[in-house]
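**Student:** Provided herewith is a single structure, encoded as structure tokens, for subsequent inquiry.
The values are calculated or read from the model by the stated rules, or taken from the named source; none is laboratory data. Owing to the predicted nature of the structure, the values given are computational and were not obtained by experimental measurement. Counting neighbours? That spans all protein chains shown, and the Cβs are built from the backbone with ideal geometry, glycine included. In case anyone asks, the SASA skips ligands and DNA or RNA and just uses the protein heavy atoms, side chains included. Shrake-Rupley method; radii C 1.70, N 1.55, O 1.52, S 1.80 Å.
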Amino acid sequence: MSNRIYYAIIVVAAAVAITLFALSIERYEEEKNHGWSQLALQNPYLAAVRLAEKAGMVVDTFDSYLTPKEMESFGTLFIPDSGHLISSRRADELVDWVDAGGHLIVGAQNPSASNVDWVLNYFGISASYGESDDGTSFESEKIGSESAASGDDSGPDSQVEADERPFSERLEKHNQQIRSGDRESRTKSLSVRERILEFERHVPQNRMTSLEFTGVDGELRVYFPSQVVVDHPAISDPSFSEVAEYEVIYAGGDQFGTRFIQVDIGAGLVTVLANPSIFGSNYIGYFDNAFLWETLAFNGERLGILHGSKMPSLGQLMWTFMPETVMSFLVLLMLWLWRQLPRFGATHRLHYQTRRSILEHITAAAQYRWRGGWQTELLEPLQLEIQKRAERQIPAYSRAEPNEKLRILAAAASISPESLAAALQAGNGLSEEKFLQTVKVLQRIKDSI
């Protein structure tokens, strides 16, 4: 029997063994919750974005108040926290956009925040903490809003129970659930639909907010998972005189306060929510929250969501407000690098031609004329300068006779006419001593005029 037959038998036996092993394995599927994705952690309103995109809308999300520059292309703009607008200029631009026909959905910022609320202050709306059934205020407890913003999937029923207990008892129960693992086992045992139904069964009726809208059949039942309430003088005082710029047209809430306010301004609309987490990924699936989101946000073809207040970098701010300065700096940097970078190729030597100074030229010309006996050419420039200066400085000099000129000039220079005549008429054939004496006399005459 050849080796090929042995190899074929080994391959068939191995295939049969692998097949029997695969058939003996029991297969089952198990779902594991790995928590929020990175995109969901960055945008706590990702579920609302997906819902709007499924309806065919174009959704733009931003995490900086400088990013949405062309707001006129938005039909609706959702700002979960009114504190994200950190300047009055940006708030004025937003009001102008609403006045032109836009719909602004804004959530009231935390009442304990120290930032100025430019949007709510413009419309005279205030935000505060409401009261529970027993009259206890919630000034130091932010129930539900922080967990919803952070993406904490802590379980709906525990959240509702926390609304009815003191903070210390809620914290103790939370720690016990973590230690015992009861909450994890209960979450695994319930499906998503069952968790939603369990949550809705435990919500008290006095915490429900009913809203009615034109074109929507029936009431929308919404649960705001915090004790924050909003208020406006026009809600409690029917005789309140509305300002000309805007008008409060609708308000709704539960037993503990107003949770929902709509303001009509120009051709647009402003919707103020006591807690924007009803549209967050944690709560949008409960009650009629998703239907309310569709009713409010699906206006036009483009929706903008400003879900953060990330401060731009210094470079982005400079490029936005001072592009000329940035470009000038880049040009200077390129020139500096070009100057500092080494040159390539052979070194080109510069040959400088040595030149004499003007004083050396004058000295050489004077020595040349002195050796040639041309002393008249050396004295003539100084003699002519004296004549020109005398004509300018002495009024009667230019009209006088030659002898009179000598007398006038001698009197002005305080020398004898003979010495003056000898100096002005000196020429060739002078000795070195006589030449220097003549030059001194001419220089004294020139300085004295």
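**Student:** Say whether the condition of being open to solvent by 60 Å² or more (accessible area, probe 1.4 Å), over 23 Å from residue 191 (Cα atoms), free of Cβ contacts under 8 Å to residues at least 60 places away in the same chain and of a type in the set (Asp, Glu) is met by at least one residue in the stretch 13-31.
**Tutor:** yes
**Student:** Among (1) outside any helix (DSSP H, G or I); (2) at pLDDT 75 or above; (3) surrounded by 10 or more Cβ atoms within 10 Å (Cβ to Cβ), where does residue 373 come up short?
**Tutor:** It fails just one condition, (2).
**Student:** Sticking with this one: Identify all residues within the stretch 295-307 that are under 18 Å from residue 250 (Cα atoms) and not aliphatic (A, V, I, L, M); write none if there are none.
**Tutor:** 295
**Student:** From 421, 396, 426, which residue is over 18 Å from residue 369 (Cβ atoms), over 60 Å from the mean Cα position of the chain (by Cα) and surrounded by 11 or more Cβ atoms within 10 Å (Cβ to Cβ)?
**Tutor:** None of the other options fit; the residue is 421.
**Student:** Looking at the stretch 32-52, which of the residues that are in contact (Cβ under 8 Å) with a residue 40 or more places away in the chain and in contact with a Leu (Cβ under 7 Å, 6 or more places away or on another chain) is nearest to residue 297 (Cα to Cα)?
**Tutor:** 52
Residue-wise test of (1) out of contact with any helix residue (DSSP H, G or I) (no Cβ under 8 Å at 6 or more places or on another chain); (2) in contact (Cβ under 8 Å) with a residue 12 or more places away in the chain; (3) in a loop (DSSP other than H, G, I, E, B).
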residue: 355; (1), (2), (3): yes, no, yes
residue: 368; (1), (2), (3): yes, no, no
residue: 388; (1), (2), (3): yes, no, no
residue: 403; (1), (2), (3): yes, no, no
residue: 426; (1), (2), (3): no, yes, yes
residue: 442; (1), (2), (3): no, yes, no
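**Student:** Looking at (1) touching a strand residue (DSSP E or B) at 6+ places or on another chain (Cβ under 8 Å); (2) modelled with pLDDT under 90; (3) open to solvent by 20 Å² or more (accessible area, probe 1.4 Å), find the lone condition where residue 258 falls short.
**Tutor:** Every condition holds for residue 258 apart from (2).
**Student:** Filter the stretch 281-304 for residues that are farther than 24 Å from residue 73 by Cα and in a loop (DSSP other than H, G, I, E, B) and give the result.
**Tutor:** 281, 282, 283, 284, 285, 286, 287, 288
**Student:** When only residues in the stretch 196-217 that are part of a helix (DSSP H, G or I) and free of Cβ contacts under 8 Å to residues at least 40 places away in the same chain count, which is surrounded by the most Cβ atoms within 10 Å (Cβ to Cβ)?
**Tutor:** My answer is 197.
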